[in-house]
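Structure first, commentary second.
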Amino acid sequence: MNSEERFGDATGFLLHRLGIGAGRVIERTLRPLGLRGRELRVLGIVVDSGGRSQRELVVSSGLDRTTMVGVVDRLEDLGLVERRSDSGDRRKQAVVATDEGRSAFDEAAALLAEAEAEFVSPLSAERQRLLNELLKELFAERRPDC
């Protein structure tokens, strides 16, 4: 008995495999914009918040500090974010989205919405809604681990 036969009905196995597939769709969708999923995640946090320190971004994104430095460096190289002195604490720097960063985030969000619609298209609209509600509920309970 292979692993697919053994675990093919297991919720965790299915979530993991679908996560891999969804991740591939995300990366493929973002590639023309020169972005990766984790970069978009950080850019989204920065756009939504108006600016955060790298330490705050680590906590918000779930990425480790070393990865975060690379992500912010890359976003800065692309002209999507800037590091600015924090007005409340001159020793800290805030990562702030540029106009180009906000535009890129909006474009990526639109492309990802289309890609997601295609990914879940085998399900009816009602089943898509139900799946989303169940996943949001589970994510809310497991968020610290995710």
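The values are calculated or read from the model by the stated rules, or taken from the named source; none is laboratory data. Model, not experiment: these values are computed from the prediction. Backbone-built Cβ (ideal geometry, glycine too); neighbour counts: all protein chains shown. For accessibility, only protein heavy atoms count, side chains too; no ligands or nucleic acids. Shrake-Rupley method; radii C 1.70, N 1.55, O 1.52, S 1.80 Å.
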Self-check item: Potential lengthening between SER87 and GLN128 on full extension [0.36 nm per residue; Cα-Cα distance subtracted]
Solution: 10.4 nm
Practice problem: Determine the order of MET68, MET1 by accessible area, beginning with the largest, at a probe radius of 1.4 Å. | Solution: MET1, MET68
Self-check item: Acute angle (nearest 10 degrees) that the helix 99-119 long axis makes with the longest principal axis of the chain, alpha-carbon atoms
Solution: 0
Quiz item: Tally Lys/Arg at +1 and Asp/Glu at -1 over every other residue whose Cβ is under 12 Å from the Cβ of LEU33; what's the total?
Solution: -2
Quiz item: Taking the alpha-carbon centroid of each part, what is the distance from segment 109-138 to segment 8-45 in angstrom?
Solution: 13
Quiz prompt | the chain: angle of helix 65-77 to the longest principal axis, Cα-based, in degrees nearest 10 | solution = 70
Quiz prompt | segment 91-122: trypsin sites (Lys or Arg not before Pro) falling in loop per DSSP and having at most 10 other Cβ within 10 Å | solution = ARG91
Quiz prompt | Relative contact order of the chain, defined on C-alpha pairs under 8 angstrom at six or more residues apart (%) | solution = 22
Quiz item: Using a 1.4 Å probe, what is the accessible area per residue for the chain, in Å²?
Solution: 70
Quiz item: Ordering ARG55, ARG28 by how much accessible area each has at a 1.4 Å probe, largest first, what is the list?
Solution: ARG55, ARG28
Quiz item: Tilt of helix 125-142 relative to the longest C-alpha principal axis of the chain, in degrees (0 to 90, nearest 10)?
Solution: 60
Quiz item: Taking only DSSP H segments of four or more residues, each worth -39500 (n - 2.57), what value at 222 nm results for the chain once the sum is divided by all its residues, to the nearest 500 deg cm²/dmol?
Solution: -21500 deg cm²/dmol
Self-check item: Residues SER103 and LEU14, FRET efficiency given R0 of 30 Å [Cβ-Cβ distance, rounded to 0.05]
Solution: 0.25
